[in-house]
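The values are calculated or read from the model by the stated rules, or taken from the named source; none is laboratory data. Quick caveat: nothing in here was measured; it's all calculated off a predicted structure. Counting neighbours? That spans all protein chains shown, and the Cβs are built from the backbone with ideal geometry, glycine included. Heavy atoms of the whole protein, side chains included, go into the accessibility calculation; ligands, DNA and RNA do not. Shrake-Rupley method; radii C 1.70, N 1.55, O 1.52, S 1.80 Å.
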Amino acid sequence: MTSAIQAQLALMVQQLQRLMYQPVPEKQLVRIECPFPAIHLQGFLAAQNCRERAFWRDREGDHAIAVLGYSWSQALSCRQDLASAFASAHKILSHLPEHTDSHCLCYLSFADDEASIWPAFGYGRIILPLLELVETRKGTVLAVNLRSDNALEYHSSIRKALEIISALNFSQQLPEADFTFQVAGYQPDVSVWHQLVDKARQAFASGVLDKVVLARVTCLKLAGHLSPFSLLYPWQQANPHSYQFLFQGQGQTFFGCSPERLVKRLENIISTEALAGTIVRGQNLFEDAQLASLLMSDGKNIHENRLVLDDICHRLQPMCQSLEADRSHCVVKLHHIQHLRYQIRGVLNLDVCDQQLLDVLHPTPAVGGVPREEAFSFIAANEPCPRGLYAGVCGIVGIRKSDFSVAICSARLAGNVLMLYSGAGIVKDSVADEEWSELDNKIATVLDILDRQQATTLPAQARQCVDSNDYAAFS
């Protein structure tokens, strides 16, 4: 396998070296592709020492992208930057041949006020990979995207790509576990959680809110080293019909395995969903079916899901030639929990673009609340920790196809602190203790994986105690 990989990389190097001595092309983007052996993308990425790495896989398993280096990227400081950033991405991609299905990757925060943003990531970023491995049902392709606005930038891109290739490690093995962990705390803790749910119930009684989603951060203190790729892979194995994403920013890594689609666009056909309402999985098939039946008929969960469905349809209707939703909800089963879901499909008006879809849909009531602005205000005023990219957007942007997931079921690794994010939809019939248990259930899969992986052979001195400074990564 290594010899086959080396052979294809050698061909790519030859093509890049030839381009150094050829005239700079007039088009602003040149893409070079060659077939590549099927490899373990997460293991391969984990072995590299490149500062700019990213990963994305759709939830059907049809399309995965492993990124090494950025050919172009644009940071976003607020929601108002979306239009120019997406326009730039589409302009760059439009210089490729019509049959080329290349994409930019992007991530966006839940909200764009300064108090909600993680400094390491900003509000968001859109990225054109420099070197990428693209895996589809047709096979794997190695590609290099070269910006050619001017000769200096063009040759600099070629040299950067050659440097990345020359430094590649051919290992595909995920790093072995060499860490232990302990739960260092929650933000909010259980007493503050009860207070927040009480405040939400008061807002429901006064007619200010119909629903609000409250988030919690579970902070884990690590001793040793945890590779996010070694957690991401088994996470997806446990919940196979989920998106995978990983982005790096200023020494931190945000990654996750989300079951929730924000919106997928193929030409002018869109699909989205209302995913809200939760119950645990059963210990056996009979109990699991009983719990699913209970979820399907539970008034509180049906009400929560219906609020999301109605809001999404209301927002999309003016943008669509036609729009339809399932006649009834169904159950989506994950490893530890199951959700209610309505699927929604539509045909867009011809003048609607990706940025407009995100404007009206993000964040949905499944992660924010109803009414939207009142729920945002409640979250901003009451949640103790900034959400950052949690409940934001991760996805791909393309000319023909774009696909965006909601960044739930996610984690942030900052030094020796791992933060696990979960949220619960609060409505008038919610019970604080039950919602707290739901938060636990939503991170149970990750905790199970970490518990199986954690090393038991680290020396005692490596098992550090929790220090107050460890909470600095919460902000």
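Averaged per residue, what accessible area in Å² does the range 122-228 show with a 1.4 Å probe, protein chains only? Display every interim value, and only then the final one.
Values: 4420 Å² over 107 residues.
Value for the range 122-228: 41 Å² per residue.
Among 206, 292, 397, whose Cα projects farthest towards the positive end of the dipole of the chain, with charges put on the beta-carbon of Lys, Arg (+1) and Asp, Glu (-1)?
So the residue we want is 397.
What aspartates and glutamates does residue 264 reach when the alpha-carbon gap must be under 13 Å and sequence neighbours fewer than 8 apart in one chain are set aside?
Filter leaves 58, 60, 273, 354, 403.
Calculate the spin-label point distance for residue 447 paired with residue 372, positioning each point 7 Å from the Cα along the beta-carbon direction, and give it in nanometres.
The modelled label-to-label distance comes out at 3.4 nm.
Can you give me the long-range amide H partners of residue 29? Hydrogens built in the peptide plane at 1.01 Å from N, cutoff under 5 Å, separation of 5 or more residues or another chain.
148
Nearest 20 debye, what's the magnitude of the dipole of the range 54-208 about its Cα centre given +1 on Lys and Arg Cβ and -1 on Asp and Glu Cβ? Write down the numbers at each step before the final one.
On the way: 12 positive and 18 negative charges, 38 e Å.
Using Cβ point charges on Lys, Arg, Asp and Glu, the range 54-208 gives about 180 debye.
Only helical DSSP H runs with n ≥ 4 go in: add -39500 (n - 2.57) per run for the chain, normalise by residue count and round the 222 nm mean residue ellipticity to 500 deg cm²/dmol.
Value at 222 nm, helices only: -10000 deg cm²/dmol.
To the nearest 20 debye, what charge dipole does the chain have about its Cα centre, counting +1 at the Cβ of each Lys and Arg and -1 at the Cβ of each Asp and Glu?
Working: 40 positive and 50 negative charges, 190 e Å.
Dipole of the chain, to the nearest 20 debye: 920 debye.
In nm, what is the difference between 0.36 nm times the number of residues separating residue 400 and residue 33 and their Cα-Cα distance?
Numbers: separation 367, 0.36 × 367 = 132.12 nm, distance 1.89 nm.
Gain in length upon complete extension: 130.2 nm.
Let me know the Kirkwood hydrodynamic radius for the range 47-103, please, with Cα pairs as the basis and the value in Å to one decimal.
Its Kirkwood hydrodynamic radius stands at 13.7 Å.
Is there a quick way to get the dipole size of the range 177-230? I mean about its Cα centre, with the Cβ of Lys and Arg at +1 and of Asp and Glu at -1; what is the value in debye to the nearest 20? Kindly include the intermediate steps, with their values, before the conclusion.
Values: 5 positive and 4 negative charges, 26 e Å.
In debye, rounded to 20, the range 177-230 gives about 120.
Which value in Å does the Kirkwood hydrodynamic radius of the chain take, with 1/r averaged over all unlike C-alpha pairs and then inverted?
Computed over the chain, the radius equals 23.3 Å.
For the range 188-309, what class follows from the C-alpha gyration tensor (a ≥ b ≥ c being the square roots of its eigenvalues): rounded when a/c is under 1.5, otherwise prolate if a/b is larger than b/c, else oblate?
Judged from the Cα gyration tensor, the range 188-309 comes out rounded (a/c under 1.5).
Take the cross-link list 160/221; 160/401; 91/442; 138/211; 160/442; 221/333 and give me the ones stretching past 32 Å between alpha-carbons.
160/221; 91/442; 138/211; 160/442
Using the heavy atoms of the protein chains and a 1.4 angstrom probe, tell me the accessible area per residue for the range 308-431 in square angstrom.
34 Å²
Would you please put 9-18, 259-268, 233-242 in order of how densely packed they are, using the mean number of other Cβ atoms within 10 angstrom per residue and starting with the highest?
259-268, 233-242, 9-18
Measure off, as a whole percent, the carbon and sulfur share of the 1.4 Å-probe accessible area of the chain, all protein chains present.
Whole-percent figure for carbon plus sulfur exposure: 50.
Before I look further, what does the range 1-48 give for accessible area per residue, probe 1.4 Å, in whole square angstrom?
On the way: 2460 Å² over 48 residues.
Using a 1.4 Å probe on heavy atoms only, each residue of the range 1-48 averages 51 Å².
Would you calculate the separation in nanometres between label points at residue 20 and residue 40, each defined as 7 Å from the Cα along the Cα-to-beta-carbon direction?
3.4 nm
Calculated FRET efficiency, residue 328 and residue 359, Cβ-Cβ r, R0 30 Å, to nearest 0.05?
Calculated value: 0.55.
Work out, step by step, the length gained on full extension between residue 315 and residue 78: first 0.36 nm times the residue separation, then minus their alpha carbon distance; give nm to one decimal.
Values: separation 237, 0.36 × 237 = 85.32 nm, distance 2.11 nm.
Length gained, residue 315 through residue 78: 83.2 nm.
Over 10 Å intervals from 0, what percent of Cα-Cα pairs in the range 309-403 sits in each interval?
Over the range 309-403, the share of Cα pairs per 10 Å bin runs 12, 37, 38, 12, 0 percent.
Work out the FRET efficiency for residue 283 and residue 183 from their Cβ-Cβ distance, taking R0 = 30 Å, and round it to the nearest 0.05.
0.80
Say each of residue 156 and residue 271 gets a label point 7 Å from the Cα, pointing the same way as Cα to Cβ; how far apart are those two points in nm?
It works out to 4.1 nm between the two label points.
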